Amino acid sequence: MKYKIGFIGAGNMAKAIIKGLLNASIVTENEILASASSQSSIDQIKASLQIQTTLDNTQIAKECEYVILAVKPYMVETILGEICESFSSDQVVISIAAGVTLDQLTNWTHQKLRIYRAMPNTPANVNAGMTSLCTDVSKADPSYAYVISLFEAIGKCEVIKESLIHAAIAIHGSSPAYVYMMIEAMGDAGVLLGLPRGQAYKMAAQSIYGAALMALETGLHPGVLKDQVTSPGGTTIEAVASLEKTGFRSDLIEAMVTCASKSVQMSAKK
Ligand SMILES: NC(=O)c1ccc[n+]([C@@H]2O[C@H](COP(=O)([O-])OP(=O)(O)OC[C@H]3O[C@@H](n4cnc5c(N)ncnc54)[C@H](OP(=O)(O)O)[C@@H]3O)[C@@H](O)[C@H]2O)c1
């Protein structure tokens, strides 16, 4: 095959993944081919990431060993219908389209390809993404380790049962939005307390980043890490008690359950 990885769709998520893969040096610009529907989109991605581009999705199907479907979910069936004849059996298809199932992908490709369904998130841009991966491909297949290594190059990757994908969407597909809301709110509070806005956002973002890194690297229970910050009669326990009073934890749980339910509803509609 002429290219290692092809992207059908060159929007936000494709750009985040490509940027992460290039940052990690797992592939070079010349090994990536990406398509979009408009000349302006491919001009833009070529200018920013120096990868190869095309307006022809069948070129991706013919020339790329790993084909990543990064278009909106409602387009996947049509595009696979247009290109499925161009695939050969040694290729691998990875869909990142929310709500599109492994069964649908298998039916729409009309042949026996190795198929993966992935749920990444936008922090892939800075190699701090989180991807959940579902597949029926055997662990012994060489593509299995390679696909995991692609997503590990742009952050962390966990293989999950497909039935848990709605939980994955709530916990890491959509969650960057809730964390940005938290950074914004903490920044506003900092401004209210007299800090310049730029410094307030930096302090908020860095403290969330540091706390997340501590949780990942120590492996300690989040409650233990929280207790390490809260001295008896001190300032932090005042904030913790206030957050408990206003339902911080139950709000988050409720929001994520709602998010997962929406994902279930959207899948059922297809
Ligand atoms: N954004 C996220 O945080 C996130 C997280 C996880 C999964 N996802 C999934 O990632 C997928 C892409 O989302 P996105 O946010 O990256 O969308 P997006 O920014 O709207 O990008 C969609 C891309 O598809 C291209 N496209 C449209 N029609 C096409 C066609 N016929 N052939 C080839 N390319 C075509 C568009 O090109 P033009 O602009 O030229 O039309 C655009 O480059 C979705 O399925 C979504 O569910 C997104």
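The values are calculated or read from the model by the stated rules, or taken from the named source; none is laboratory data. None of the values given here were measured: they were computed from a predicted structure. Reconstructed Cβ throughout: ideal geometry from the backbone, glycine too, with neighbour counts over all protein chains shown. Areas reflect the complete protein model, heavy atoms only, side chains present, ligands, DNA and RNA absent. Shrake-Rupley method; radii C 1.70, N 1.55, O 1.52, S 1.80 Å.
Things to note:
- The calculated FRET efficiency for the pair Thr230 and Ser163, based on their C-beta separation and a Förster distance of 22 Å, comes to about 0.05.
- Rounded to the nearest 20 debye, dipole of segment 137-270 from Cβ charges on Lys, Arg, Asp, Glu: 320
- Largest to smallest accessible area among Arg197, Arg117 [probe 1.4 Å]: Arg197, Arg117
- Overall, the chain carries a charge dipole of about 160 debye about its Cα centre when +1 sits on the Cβ of Lys and Arg and -1 on the Cβ of Asp and Glu, all other atoms neutral.
- In Å², nearest 10: area of Thr258 left accessible to a 1.4 Å probe: 80
- DSSP bridge pairs, the chain: antiparallel proportion in percent, nearest 5: 15
- Euclidean distance of C-alpha centroids, segment 64-120 and segment 165-231, integer Å: 35
- For the set Leu193, Leu133, solvent exposure ranked by accessible area (probe 1.4 Å, protein chains only) runs largest to smallest as Leu193, Leu133.
- For segment 3-167, convex hull volume per residue from C-alpha positions, Å³: 97
- Stretched out straight at 0.36 nm per residue, the stretch from Asp141 to Ser261 would grow longer than its current Cα-Cα span by 39.9 nm.
- Most to least packed among 73-81, 229-237, 59-67 [average Cβ atoms within 10 Å]: 59-67, 73-81, 229-237
- Multiplying the residue separation of Asn127 and Ser40 by 0.36 nm and removing their Cα-Cα distance gives an extension gain of 28.7 nm.
- Projected label points at Asp103 and Phe248, each 7 Å from Cα along the beta carbon direction, are separated by 4.2 nanometres.
- Of Glu82, Glu244, the residue with the largest accessible area leads and the full order is Glu82, Glu244 (1.4 Å probe).
- Modelled spin-label separation between Glu238 and Met1, with each label point placed 7 Å from Cα along the Cα-to-Cβ direction: 5.9 nm.
- Using 0.36 nm per residue and subtracting the Cα-Cα separation, the extra length available between Cys84 and Lys72 on full extension is 2.5 nm.
- The portion of the accessible surface of segment 1-140 made up by carbon and sulfur, rounded to a whole percent, is 48 (1.4 Å probe; DNA, RNA and ligands excluded).
- Pair Asp56, Ser25: separation of 7 Å Cα→Cβ label points (nm): 3.4
- Heavy-atom accessible surface of the chain, averaged per residue, reaches 55 Å², computed with a 1.4 Å probe.
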